[in-house]
Amino acid sequence: LGNVQPVGVTRDGAFFYSSSPDWTTLYEAAIDVNAGKLLAPLKALPTRFPVSKSAGPKRLSPDGRFLAFVRQRGNRPNLHIEDLTTGQVREITIPGVREYSWPYWSSDSQFFHLRAFMDDRHNGLFLVNRVTGETSVLAPLSEGNRSAPGNDPYGWFGFDNGTACYSINWPGQNRRTLVWHDVKSGQKREKEISNLPDPGETS
């Protein structure tokens, strides 16, 4: 039935309520950004599995063929990668992970990287190979407390032409390191930005 919110009870005893099911349907849309108009009717993505609203971001690969999101298996989240053309599914589990966030595909749709929060309160950035299912640590696991502003060490990142881009925040030091990480060679280029405002005072 999902999440039910009571509306009221009539004099003859009828109970009215609104409900919000935990499952959602994903759609593909062709839009004219400048005009703000749909160019074609919405098309439901042909995923084989219901997608939970609480599964976090759902990411379609740049080639439009693969859908990545998180599925809950008991108390453990799994990375779910589905081929929307063939229906083939790959599920990947990284031991010790209690929550995933921010999956980003590479421009060639072969890899994606994401942030993971571990059972021991550490967190880090992981690289996932869609073809082989192999996972590796992209950035070292670091201490982080999600409830404290600015204490989560990793910030926004993107992934293009084999280069993963992310930031490392330094709590209490008002500085941030931007990192360009070549995933094939392992080489990194870094640039530090200092004199930033207190993250607890501004977004």
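A Cβ distance below 8 Å, combined with a sequence gap of six or more or placement on separate chains, defines the contacts here; from the stretch 71-92, residues that are assigned to a loop (DSSP other than H, G, I, E, B) reach residues that are of a type in the set (Asp, Glu) and open to solvent by less than 50 Å² (accessible area, probe 1.4 Å) in the pairs Gln88/Glu82. When you check Arg146 against the structure, is it of a type in the set (Lys, Arg) and either closer than 28 Å to Ala44 by Cα or at pLDDT 85 or above (or both), yes or no? Judged against the criteria, Arg146 is not a match.
Which one of these does Gly8 not meet: (1) open to solvent by less than 50 Å² (accessible area, probe 1.4 Å); (2) modelled with pLDDT under 85; (3) over 30 Å from Thr86 (Cα atoms)? The failed condition is (2).
On the stretch given as the stretch 101-122, residues that are under 12 Å from Leu79 (Cβ atoms) and acidic (Asp, Glu) total 0.
Among the residues here, Asn123 qualifies as open to solvent by less than 50 Å² (accessible area, probe 1.4 Å), at pLDDT below 80, within 18 Å of the chain's Cα centre (by Cα) and under 24 Å from Ile168 (Cα atoms).
The number of residues in the stretch 5-46 being in contact with a Leu (Cβ under 9 Å, 6 or more places away or on another chain) and either more than 30 Å from Arg59 (Cβ to Cβ) or part of a loop (DSSP other than H, G, I, E, B) (or both) comes to 7.
Could you tell me whether the stretch 132-142 includes any residue that is crowded, with 17+ Cβ neighbours inside 10 Å and at pLDDT 80 or above? So far as the stretch 132-142 goes, yes, one or more of its residues are crowded, with 17+ Cβ neighbours inside 10 Å and at pLDDT 80 or above.
The values are calculated or read from the model by the stated rules, or taken from the named source; none is laboratory data. What you see is a predicted model, and the numbers here were worked out from it, not measured in a lab. Note that we place each Cβ from the backbone using ideal geometry, even for glycine, and neighbour counts take in every protein chain shown. Please note that ligands, DNA and RNA were not included when accessible areas were found on the heavy atoms of the full protein model with its side chains. Shrake-Rupley method; radii C 1.70, N 1.55, O 1.52, S 1.80 Å.
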